[in-house]
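Coordinate-derived values only; no laboratory data. Computed from a predicted structure; not experimentally measured. No Cβ is skipped: glycine too gets one built from the backbone with ideal geometry, and neighbour counts run over all protein chains shown.
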Amino acid sequence: MGALPAHRERLRSHPDIAGEVLRLEYTAMSLNPNAKLYGRKTLLELFDPAQPRDRACLEAFERELDMPWALYHVRRLFLLSQDGRRRPVKRSTERVDLGRPQQLARRLISISGPHHVEVEHDRVYGRARAWARPRAQVSPMAEGSRPPRWCIDGHSVISF
């Protein structure tokens, strides 16, 4: 058995821990969609709700999400040095509001609508996100800007 199948089997044996791990990945991906635990796939995608042991892990994840969430304003600058090499990314994360996922999603839609910014909404688990300035393919670039990119996630996980 490879590392990933063995890891999934350990998580299935401990669904409460699996719920925490799934929440941590979901939180990380709310702030940065590239923060998947397994390269191209998320851990969440690897669980099948039709399988009873996987369903137990997903139910633990849903319990983990049953907490106040926060609306964040996230900005990133991808800069280059004088000789064209990538520099460390400059990041800014500001908590804007606290509330339930549906309430914050409505607020995000009301903020984004006047700026004609589309809102991505995960209707299964609640995350909503809007990209005012999507990430470009080349540096230097900015991500976010005005209107800002916003994301919703469990505030108990993220601290500044």
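Quick notes on this structure:
- Per-residue packing, averaged as other Cβ atoms within 10 Å, sorts the ranges 50-60, 19-29 into the order 19-29, 50-60, beginning with the highest.
- If the segment from residue 67 to residue 106 were pulled out straight at 0.36 nm per residue, it would be longer than the present Cα-Cα gap by 12.3 nm.
- Spin-label model, residue 3 to residue 79: label points 7 Å out along the Cα-to-beta-carbon direction sit 3.4 nm apart.
- Label-to-label distance, nm, for residues given as residue 41 and residue 122 (7 Å Cα→Cβ offset): 1.7
- Expressed as a fraction of 2.2 N^0.38 Å, the C-alpha radius of gyration for the stretch 1-150 is 1.20.
- Pairs of Cα atoms nearer than 8 Å and 6+ residues apart set the relative contact order; for the stretch 1-68 it is 41 percent.
- Summary of packing: across the peptides 82-91, 123-132, the per-residue average of other C-beta atoms within 10 Å ranks them, highest first, as 123-132, 82-91.
- Label-to-label distance, nm, for residues given as residue 136 and residue 14 (7 Å Cα→Cβ offset): 4.5
- Other-chain or far-sequence residues with amide H under 5 Å of residue 96's (modelled H): 71, 72, 73
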